[in-house]
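The values are calculated or read from the model by the stated rules, or taken from the named source; none is laboratory data. Everything quoted here is computed from the prediction, not taken from an experiment. Methodologically, a virtual Cβ is constructed for each residue, glycine included, from the backbone with ideal geometry; neighbour enumeration extends over all protein chains shown. Surface accessibility is based on the protein's heavy atoms, side chains included, excluding ligands, DNA and RNA. Shrake-Rupley method; radii C 1.70, N 1.55, O 1.52, S 1.80 Å.
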Amino acid sequence: MSAAGGNSNERISPIDDDYIANLNALTRDLDDIESIAASALSDKPIEHAATQRIVGASTGLTYTELTDHHRQRREVEGWGEADIADILDPIALRQLDGWRAAQRVPWERGDLVVVGVSGLIGALGNLYDNQVDAAVLSGLSLLKKTDLLRRWERETARLPIDYTGPKFGGPAHRVRSAGHDIGRFFAALHQIRTGTFEGTWWEDGQRMFAQETVTRSGLPFAQAPERHLAVALLLKHWAADFVTPMNLPLPGWTLLSEMTNPALRKFANDAYAGTNSGDGLNLRSGMLTPSLGMLATEVVIRTHTHLGAYRSTGTPRLATSAATKHTEMLLAAHAAAGAISLSKTTAAAIAGETVVAARHLNIPVLMRIGMLALKVRSDAAARAEAGAPSWEQLLADEAATWTLPEALTIAELLTNSVGPSPADEAVGGR
């Protein structure tokens, strides 16, 4: 069969039309060999034309010469245009489709522009986070004046989670117990169901536990033993507090106030309290406000990628390769916003804000960056796993077939069918 055996240093081009045409020619030669083998194993006459094609195959050709030779055979024998589907079996075609789908799609100029614009939006949101947060607070203050929020505030009066007695009072009282921490929902719910405030405070390095059943004025706390009523009261109370300047602590933040390290407890309190009412790190300034910039970035990039998919395929659904590029674009845009967030936090801390500078951290974006980085790494690993086998692996797999007894039988049949060479006859005549 045809083989390239000339210049071993000649580089073979990637899979293109000539490469597929060469594979198609080799596939036809393999079909002839299989036909000869099947006839020999079933004791049927061997097709002489197939034998002559195999025996007369050119050898010692460079890849370029081999390509020209196969092109001439295609024209003489009228094979028609070569197609990859004519070469691969259904299993191999599915593997090829999977491999193509998993390949990374290179970025285009439009992708760079979109990432730049969306990253700029996110970065500006972090640079002017104080102004954005003030606008958000102003909007929430309007909600606080609505009849609904006022009614909820009245309905949830005298709940135990609002205890402001000694060790638990002050403007930052919401960070000193679990009652206003949405990350400690069940602890807060337990207080409402039992009508008992529970908190932790420290004195002379000793952890102290507090339980109170009455308000500072001596009235008993309201309670709701029924679970569904307690849940309704808790959510209403949190909603009424969310629209206030102090808002609510970040999820799980109150646990820092219960740690053994006094510096950590002070950091948790000061970061939440801020320098003025409402300018500290809370659920609004730490999650809601930063999420607006992150959401704008997501909308711009998602609109771009899904519109591109719709123009290409007629459906906004992203293929595997397009989804991989989509993840890379999101990571790049959010990374720009995250870098500005960290830079501004550092600058504010150096400028004198100290622990209050933590309010400039864009926590949602930093978390999103981490998730996207893991996804990009996972996509790269999936591409490597779904990649085509190396030439060494193909050689090892294919060379193993020539140790089969059938291969030796084919070689013997081909030798016998063409007769001894002149050199063999000369040797035999001696």
- prompt: Checking LEU219 against (1) touching a residue at least 40 places away in the same chain (Cβ under 8 Å); (2) out of contact with any His (no Cβ under 6 Å at 6 or more places or on another chain); (3) open to solvent by less than 50 Å² (accessible area, probe 1.4 Å), which test does it fail?
  reply: (3)
- line: Within the range 316-367, the count of residues that are of a type in the set (D, E, K, R) and crowded, with 18+ Cβ neighbours inside 10 Å comes to 4
message: Return the residues of the range 51-68 that are of a type outside the set (Asp, Glu) and modelled with pLDDT of 75 or more; say none if nothing qualifies.
response: THR51, LEU61, THR62, TYR63, THR64, LEU66, THR67
- prompt: If you take the residues of the range 183-207 that are part of a loop (DSSP other than H, G, I, E, B) and open to solvent by less than 70 Å² (accessible area, probe 1.4 Å), which of them is farthest from PRO249 (Cα to Cα)?
  reply: GLY205
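Every residue, every condition in (1) part of a loop (DSSP other than H, G, I, E, B); (2) surrounded by 14 or more Cβ atoms within 10 Å (Cβ to Cβ); (3) at pLDDT 75 or above, yes or no:
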site	(1), (2), (3)
ILE33	no, yes, yes
LYS44	yes, no, yes
HIS70	no, yes, yes
GLY80	yes, no, no
task: Please work out which residue is nearest to LEU255 (Cα to Cα), limiting yourself to the range 151-177 and to residues that are open to solvent by 80 Å² or more (accessible area, probe 1.4 Å) and free of Cβ contacts under 8 Å to residues at least 60 places away in the same chain.
output: LYS167
- prompt: Condition test on ASN269, is it open to solvent by less than 40 Å² (accessible area, probe 1.4 Å), out of contact with any Lys or Arg (no Cβ under 7 Å at 6 or more places or on another chain) and either assigned to a loop (DSSP other than H, G, I, E, B) or over 14 Å from LEU140 (Cβ atoms) (or both)?
  reply: yes
query: Out of curiosity, is HIS304 in contact with a Lys or Arg (Cβ under 9 Å, 6 or more places away or on another chain) and assigned to a helix (DSSP H, G or I)?
result: no
Residue count for the range 107-122, restricted to those that are open to solvent by 60 Å² or more (accessible area, probe 1.4 Å) and in contact (Cβ under 8 Å) with a residue 40 or more places away in the chain: 4
message: Quick check on ALA210: is it outside any helix (DSSP H, G or I), touching a residue at least 24 places away in the same chain (Cβ under 8 Å), in contact with a strand residue (DSSP E or B) (Cβ under 9 Å, 6 or more places away or on another chain) and of a type in the set (A, V, I, L, M, F, W, C)?
response: yes
query: Looking at (1) of a type outside the set (A, V, I, L, M); (2) open to solvent by less than 20 Å² (accessible area, probe 1.4 Å); (3) more than 28 Å from SER141 (Cα to Cα), which is the one condition that is false for ARG302?
result: (2)
